[in-house]
Amino acid sequence: MTTKLMGTPVQRVEDQRFLRGQGRYVDDIGVGPGGEQGVLHAAVLRSPHAHARILDIDVDEVLDLEGVHAVWTYDDLAGPMAEPLPLLIPHPALTHGRTQYALAKDEVNHVGEAIAFVVADDRYVAEDAVGRIKVSYDFLPPVVGIDNARAAANLVHDDVPGNVGARLEQNVGDAPAAIAKAPHRLELDLTIERSACMPMEGRGTVARWDADINRMQVWTSTQTSTGVRAAVAVKLELDLGQVDVITPDVGGGFGVKINHPWPEELLVPMAARTLGRTVKFTEDRREHFISSAHERGQVHHVTVGFDDDGRLHGLDVEFWHDHGAYTPYGLIVPIITSTQLLGPYKPQNYRVVFESLYTNTVMVTPYRGAGRPQGCYTMERTMDAIAAYLGKDRTEVRAVNFIQPDEFPYDQGMIFQDGRELEYDSGDYPASLEKIKALIGWDDFPTFQKSMAAAGRKVGIGLACYVEGTGVGPYEGAHVHIETSGKVKVATGLTTQGQGHATVFAQLVADELGCSFEDVEVVTGDTRRMPYAVGTFASRAAVMSGSAIHLAAKRAKEKVLKIAADALEASPDDLQIVDGVVSVKGSPGTSIDLGTVSVLSNPLRYAFDEASKAATQFSVGDPGKPPVPEDEEPGLEGKDFYSPERATFASGMHAVIVETDPLTAEITILKYAVVHDCGHLINPMIVEGQIHGGVAQGIGGALYERMAYDESGQLLNASFMDFLMPYVTEIPDTIAIDHLETPSPLNPLGIKGAGEAGVIPSAAVFAAAIEDAEGFPITAMPISPSELFELRSRSLVEPVETTPEGTPAP
Amino acid sequence: MTDELHDVRMTVNGVAHDVRVPARRLLSDALRHDLGLTGTHVGCEHGVCGACTVLVDGRPMRSCLMFAVSAVDAEITTVEGLTGADGSLGPVQQAFAECHGLQCGFCTPGFLTTITAGLRENPHPTHEECRDMIAGNLCRCTGYQNIVKAVERAAELVSTSSTTGEGAGSTTGAGSTSDGETA
Amino acid sequence: MKPAPFDYVRPGSLPEALAALAGEPNAKVLAGGQSLVPLLSMRLAAPSLLVDINGIPGLADITVTGEGVRLGALARHADVLASAEARRVQPLLAMALENVAHATIRNRGTTVGSIVHADAAAEMPVVLKLLGGSVEVASVRGTRTIDADDLYVGPLESSLAHDEVAVSAYFPALPAGAGVAFDEIARRHGDYALCGAAALVDGDTVRVGYLSVNDVPTVVDLTGVPLSDMGEAALEGLEPAGDIHATAAYRAQLVRVLTERVVRAAREMVSTSSTTESASSTTEDN
């Protein structure tokens, strides 16, 4: 029996093409060895103003330009294309949801909103054309920032009073009453500023209308092939069956590519059909900044009641979420904040209420973590404040509030983002805490801090815990097909943006089916191969598609064994499949390979190749019965779906030691540690890579990255020069990682999601560490040296508060 | 202003190509769309991310900050040129596969060319020098830990391999230290 | 982000280049392009003609004598940085160049190009000014030398006429017994500095040049000021501004910190160097 691949660090199959420069990303589509021929390129006129009415659009000079094929504005759109883009995830609390039009109709609501769409011979000419379009505007006062949205001196949308898109309150028990009765009480105000996913590859779409067969083929850099397919079909008034969406290689998503349809995802196919040509849109980096999506901007107010041990009696959180100009993705982000804020704790009484507000800025859709970072930040800063107030160790206060290992499954009494109960399936938070304390050297730190202080140096330590609901439904599916060559072709409908799905899923198939890993080929995100799918987000791919693929492979195996048993005249229970060969256990001479079984599964009249001829040495079936039995199908396929009752809850803890420069306030990371529980690991090398990447993105989000809007709604840092993503030099040399595995009882492989974990506790852990180093509260993140310097100056002039929030731990 | 076309002979990965392009055609676009070498990727078009890095006469340069017309008389190596003539992975590519130095693969070609030149200039880099070698390239997926490991592994593979080049088209070494040399 | 159309010539000699520039008021010189090309791609600049000087022979020389270092127009940052001779004669060049962007940018960008681009946030303009260097420029009218003090007239504005090309820049040698140092603080390694300083100490004379603090590269004379007061004294001649990366007060703090650091380091070079060999470069690496 060969060793199982589950749990082994198998090298990635994707690398073979990526390393040779043979990936096929969306901008590569339509390019052959002789270059790109016959593909037309699109460019978009985008609003330079944050809020304005459009009085007139003059495109007269555009069509004169040589190389321009067509230009569209709103007036050229008809039928469903002229209606607003879909509001993908409605919610009863979203009483005032608004989505944009594919091209701005009467007004624009953020810098970057699409106004006109030009198609030309190449992108250079298309941009020239865009530059010739003349628009006259009537300026409207822009609303920028949560404070201004709340004050509502101006409105983003005339028919949305107070700029409030939604208000949602959830209660577990009676938090206000419990807080009033609690021995101690604290209030905190906590802020996180906007950031963004910023994958290295921006958005793009290519479409080709095949008039010979009346089919629209779309390639788009998306996280959901089926979502785009449905939207294109509806908007272009095509049958679903006439549209194919093929997800190419995608250069990172991190959430921003789950939103759909982008205006361009509709305009490109529309143009392709109208012009009878292949049309391509590839956004540039500035466009990505001003017309994709952002996330993270929230302001929180916490009231908490607790006792002498730090045990929470009641937690009351009010927060304000800035969702930008439109709400296509509904309330997912603030709902996740509301629910995941609880983390590994059981606060006894919990009240959370949020308002989701409009501003004249880019819209907000999930970014890795999707509201959890804000929730974790809020909860963890509260825990730190309680510890400081009581003069207790910050880990002791947390431990006292943990859900204990014997309390699972634990129902938090709320509804999660998937519409299901927020019930944690498994976890061991005390064990994780032991591990993270050991990994970071928590108990030794006070001594270290003192000795550094004696040398005039400031160091601080922070720790943060999180719980992440992963593997949300509704379902994913898989199709496993064993071809007569022995190759195993696997398809699942969700998509890939660097997670190594083709490798990880092949491991699962090889394990279950007994074929060799090298014979498995996995395709993701192609609606021609698997048209039933949801998408890649919420750390769900391994759980959802992994489980579905495992189940589908199981079905295929059942059929293999049934046919092979017949061919080998043995019982299925006596058979084993090793490296693609089925044999009788203990009798290796009696064997049949998977390819031959595949031939036998499909009783054709014609022998096409050697494989079919070779198969004739075996005889299967009963000559007295139909060649294809009544409940069966020809071929060697397995198809199955996995649809869980609820999400499965991964968890983890991060800790960091930082040093702050007394003169320049520069922040240096001395040590970063991660303890991580995502159940059973399919490929530990890939999971670790996800953690590294998440931690780096978290460091970026805590110390470097933010969206800098000015009061007129201009994004001041819409480039990589001024939006500061970390290079290797900004990331510590090592990240200490330890694992815990509490398997999930909810899926056959016991796995939990891993993709987002690295980034969830970053704001919390850095705020805590810097506060510990400085001795004054850090309540707004991200933080730069300049901001830290300003806080230092202010904390020197202002008197010390009587309710000491955030004084250093003893 | 009309787009006058210029005849440009570009030598890429050892092969001469004649293209007719407007002066404003960026080298990155010419490589990708005129020559069909889509391995070089475009992440920002303002010279910061490094995904577009190619070797020009053996030295890493941002192809998004050059015009194709300027690339005349230059020998360019792209990621495709790092693969062996028989299709096998070169040492830097091999190291990345072993060390899981890539996830989505979009930034990877820029790292591969940069490191290839970096190791020619400094075949035995210290750990710090390995980090320094990749300090001008952005990656959003990997967090760099495994990329640094890949640089170290690549140095090992390069020094144990008996061949000098990494497949077709590799040219003169980068960055000699004598004075007054023209680029 | 593609440039607007432009005409393009790639002259094979300097006279050809000068004639092309003189004939077109809206022409620009293309050398390294590391600053110019992004401006064109973002359509922040739209010259009608680009004169590509990369094909002109003889412009890349790095000439080092006991008097100083002369860099030709096409000398790439990387080549200047690699020149052991140049480093020996004027160590401040290498100290500053290490901080210019990233190695890949330095492979194509030219030091002379950076100098005439006149960005107050760049390293080399203020180094030229601190050392009292100069630039030799040519046009169809002939050649002339512009001293560094007359070179920078406004933000991103040099005193070159529209049809003049800088053919070389000259940096005087470090005098015997003098010391130099450079340091800058940036958000990320390789970024534009939030604040940077270069010091020249010669006998009692102390002069410090600053980048990213004023609109133009600025040099302050701090001769006779006690070290601990130098930061404040420097600030009297500077106007640090706030932007999205740093407040004015924080920049001022960096002026104080960096002034002390570079003067201290330059003085250390004086005391540890022999008369013929210069000591190691900057004290603090970013």
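Annotations for the structure displayed:
- Taking the conditions (1) touching a helix residue (DSSP H, G or I) at 6+ places or on another chain (Cβ under 8 Å); (2) without any contact (Cβ under 8 Å) to a residue 24 or more places away in the chain; (3) more than 8 Å from every other protein chain (Cβ to nearest Cβ) in turn, residue B:5 satisfies each one other than (1).
- Taken across the range C:86-96, residues that are in a helix (DSSP H, G or I), within 11 Å of chain B (Cβ to nearest Cβ), modelled with pLDDT of 95 or more and out of contact with any helix residue (DSSP H, G or I) (no Cβ under 9 Å at 6 or more places or on another chain) do occur, with at least one present.
- Residue within the range A:266-285 that is on the phi > 0 side of the Ramachandran plot, touching a residue at least 40 places away in the same chain (Cβ under 8 Å) and not assigned by TED's automatic domain parsing to the domain that holds residue A:533 present: yes
- Pairing each residue of the range A:697-720 that is in contact (Cβ under 8 Å) with a residue 40 or more places away in the chain and more than 7 Å from every other protein chain (Cβ to nearest Cβ) with any residue that is surrounded by fewer than 18 Cβ atoms within 10 Å (Cβ to Cβ) and part of a loop (DSSP other than H, G, I, E, B), provided the two are 6+ apart or on different chains, yields C-beta distances under 6 Å for A:710/A:716.
- The condition (being at pLDDT 95 or above, touching a strand residue (DSSP E or B) at 6+ places or on another chain (Cβ under 9 Å) and under 29 Å from residue C:104 (Cα atoms)) is satisfied by just one residue among C:201, C:167, C:206: C:167.
- Residue match in the range A:478-488 (condition: touching a His at 6+ places or on another chain (Cβ under 8 Å) and free of Cβ contacts under 8 Å to residues at least 40 places away in the same chain): no
- Any pair with Cβ under 8 angstrom, 6 or more apart, that starts in the range C:175-192 at a residue that is free of Cβ contacts under 8 Å to residues at least 40 places away in the same chain and ends at one that is of a type outside the set (A, V, I, L, M, F, W, C) and not in a strand (DSSP E or B): C:188/A:704; C:188/A:726; C:188/A:727; C:188/A:729; C:188/A:730
- Condition met for residue A:427 (surrounded by fewer than 18 Cβ atoms within 10 Å (Cβ to Cβ) and assigned to a loop (DSSP other than H, G, I, E, B)): no
- For the range A:736-773, the set of residues classified as within 14 Å of chain B (Cβ to nearest Cβ) and assigned to a helix (DSSP H, G or I) consists of A:757, A:758, A:759, A:762, listed by residue number.
- For the range C:155-204, taking the residues that are under 18 Å from residue C:267 (Cα atoms) and in a loop (DSSP other than H, G, I, E, B), the one that is nearest to the other protein chains (Cβ to nearest Cβ) is identified as C:173.
- Matching entry among A:126, A:70 (being over 13 Å from residue A:264 (Cα atoms), of a type in the set (A, V, I, L, M) and within 14 Å of chain C (Cβ to nearest Cβ)): A:126
Here is a yes/no grid of residues against (1) outside any loop (DSSP other than H, G, I, E, B); (2) in the same structural domain as residue A:321 (by TED's automatic domain parsing); (3) touching a residue at least 24 places away in the same chain (Cβ under 8 Å); (4) farther than 29 Å from residue A:31 by Cα:
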site: A:65; (1), (2), (3), (4): no, no, yes, no
site: A:71; (1), (2), (3), (4): yes, no, yes, no
site: A:75; (1), (2), (3), (4): yes, no, no, yes
site: A:94; (1), (2), (3), (4): no, no, yes, yes
site: A:168; (1), (2), (3), (4): yes, no, yes, yes
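- Within the range C:35-57, residues that are of a type in the set (D, E, K, R) have Cβ atoms under 7 Å from residues that are in a helix (DSSP H, G or I) in these pairs: C:52/B:70, counting only partners at least 6 apart in sequence or on another chain.
- Residues that are at the interface with chain B (Cβ under 10 Å from one of its Cβ atoms) and β-branched (Val, Ile, Thr), drawn from the range A:14-44: A:29, A:31, A:39
- Candidate set: the range A:460-492, residues that are in a strand (DSSP E or B) and within 15 Å of residue A:502 (Cβ to Cβ); chosen: the one farthest from the chain's Cα centre (by Cα): A:488
- Filter pass, residue A:325 being farther than 24 Å from residue A:426 by Cα and surrounded by fewer than 24 Cβ atoms within 10 Å (Cβ to Cβ): no
- Every residue from the range A:207-249 that is within 14 Å of chain B (Cβ to nearest Cβ) and in contact with a Pro (Cβ under 8 Å, 6 or more places away or on another chain): A:219, A:221
- Summed over the range A:298-355, the residues that are more than 30 Å from residue A:49 (Cα to Cα) and assigned to a strand (DSSP E or B) give a count of 18.
- Residue within the range A:30-51 that is in a strand (DSSP E or B), on the phi > 0 side of the Ramachandran plot and not aliphatic (A, V, I, L, M) present: yes
- Boolean, residue A:368 is farther than 18 Å from residue A:95 by Cα and in contact with a Cys (Cβ under 9 Å, 6 or more places away or on another chain): yes
- Filtered residues of the range C:38-62 (kept if surrounded by 21 or more Cβ atoms within 10 Å (Cβ to Cβ), hydrophobic (A, V, I, L, M, F, W, C) and either touching a Pro at 6+ places or on another chain (Cβ under 8 Å) or modelled with pLDDT under 95 (or both)): C:40, C:51, C:53, C:56
- Residues of the range B:105-138 that turn out to be more than 14 Å from chain C (Cβ to nearest Cβ) and touching a residue at least 12 places away in the same chain (Cβ under 8 Å), as a count: 5
The values are calculated or read from the model by the stated rules, or taken from the named source; none is laboratory data. Note that the structure is a prediction, hence the values are computed from the model and not measured. No Cβ is skipped: glycine too gets one built from the backbone with ideal geometry, and neighbour counts run over all protein chains shown.
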